[in-house]
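The values are calculated or read from the model by the stated rules, or taken from the named source; none is laboratory data. Quick caveat: nothing in here was measured; it's all calculated off a predicted structure. Methodologically, a virtual Cβ is constructed for each residue, glycine included, from the backbone with ideal geometry; neighbour enumeration extends over all protein chains shown. Keep in mind that these areas ignore ligands, DNA and RNA; they rest on the heavy atoms of the full protein, side chains included. Shrake-Rupley method; radii C 1.70, N 1.55, O 1.52, S 1.80 Å.
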Amino acid sequence: MNALHLKDLSASAQEAIAAARETVAGLHAELPRNDLVAWTAGNVSARVELADHEEVGPDGLSAVFVIKPSGVSYDELNASNMVVCTLDGVKIDDDTSIGLSPSSDTAAHAYVYRHMSHVGGVVHTHSSYATSWAARGESIPCVLTMMADEFGGDIPIGPFALIGDDSIGRGIVQTLQASRSKAVLMDRHGPFTIGADAKEAVKAAVLCEEVARTVHFARAYGNPERIAQHQIDALYARYQNVYGQKDNT
Ligand SMILES: O=C(CO)[C@@H](O)[C@H](O)COP(=O)(O)O
């Protein structure tokens, strides 16, 4: 555990962490609700920039992230048992019980936060259809407008890597830095998704499973054609910049 205690931080930083704990706890309910997980096989995290609160902790700590405790069922998750970690993946003294360990994927989430500064949220699941593409080591071709909208092209495959060190995180970052996609299918493991915040990363996980399922069936009964690149680019630009309710004030 890192020596930093939550109470060593400013009131505004503590408020931001408390809000992130509520958000991340609530977003975990979206994983079973969208049939993305069996048992406890999925996790969500959110970055909290301390510098936004004129705060830099001891040894220059500028940010932390909040992630679920490992192996705890979704109906037992709440803000008070969300674990707070440094960007090195080390739990701080966060007022949870000292024995409460963060997700087994904490190192992967931490690596992404350290190497992709624009990422505010990370999600990992073993959702069935996306994981079946990962099991084959096959990227999902961009044959749907929804894929162009949300992922800007194919959903790529990342390298096979064992859990326990930075290998998975390194594979996620290497793959996503070479793609517009918010999702990567780690070979023979499953999807990891990123977003500007945790809700966007959960949305990417939901839509990744949706398109994995649709393209699975399309390929079972036909040979769908990849959308032309210039049309993918146009769809992506529209969806990322026009779709939904923009702040028109
Ligand atoms: O793939 C694995 C374990 O091998 C993990 O992704 C788990 O499926 C989720 O672990 P926790 O977040 O509950 O530790």
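Exactly one residue out of LYS182, LYS203, LYS199 is touching a helix residue (DSSP H, G or I) at 6+ places or on another chain (Cβ under 6 Å), closer than 20 Å to VAL123 by Cβ and at pLDDT 95 or above, and it is LYS182. Within the option set THR125, THR145, THR86, being within 13 Å of the ligand (Cβ to nearest atom) and either among the hydroxyl-bearing types (Ser, Thr, Tyr) or under 20 Å from the mean Cα position of the chain (by Cα) (or both) holds for one residue only, THR125. Within segment 10-28, restricting attention to residues that are of a type outside the set (S, T, N, Q) and touching a Lys or Arg at 6+ places or on another chain (Cβ under 9 Å), the residue that is nearest to LEU61 (Cα to Cα) is ALA20. Would you confirm whether any residue within segment 209-222 is within 25 Å of THR23 (Cα to Cα) and open to solvent by less than 50 Å² (accessible area, probe 1.4 Å)? Yes, that holds for at least one residue.
Note on segment 66-123: residues that are of a type outside the set (Ser, Thr, Tyr), under 22 Å from GLU15 (Cα atoms) and in a strand (DSSP E or B) amount to 11. Could you tell me whether any residue of segment 67-88 is without any contact (Cβ under 8 Å) to a residue 60 or more places away in the chain, within 18 Å of ALA205 (Cα to Cα), open to solvent by less than 10 Å² (accessible area, probe 1.4 Å) and in contact with a Ser or Thr (Cβ under 7 Å, 6 or more places away or on another chain)? The answer is yes; a qualifying residue exists.
If you check ALA63, ALA38, ALA51 for being open to solvent by 10 Å² or more (accessible area, probe 1.4 Å), away from the ligand (no atom under 12 Å from the Cβ) and either at pLDDT 95 or above or among the small types (Gly, Ala, Ser) (or both), only one passes: ALA51.
Among the residues of segment 90-104, those identified as touching a helix residue (DSSP H, G or I) at 6+ places or on another chain (Cβ under 7 Å) and open to solvent by less than 20 Å² (accessible area, probe 1.4 Å) are ILE92, ASP94, THR96.
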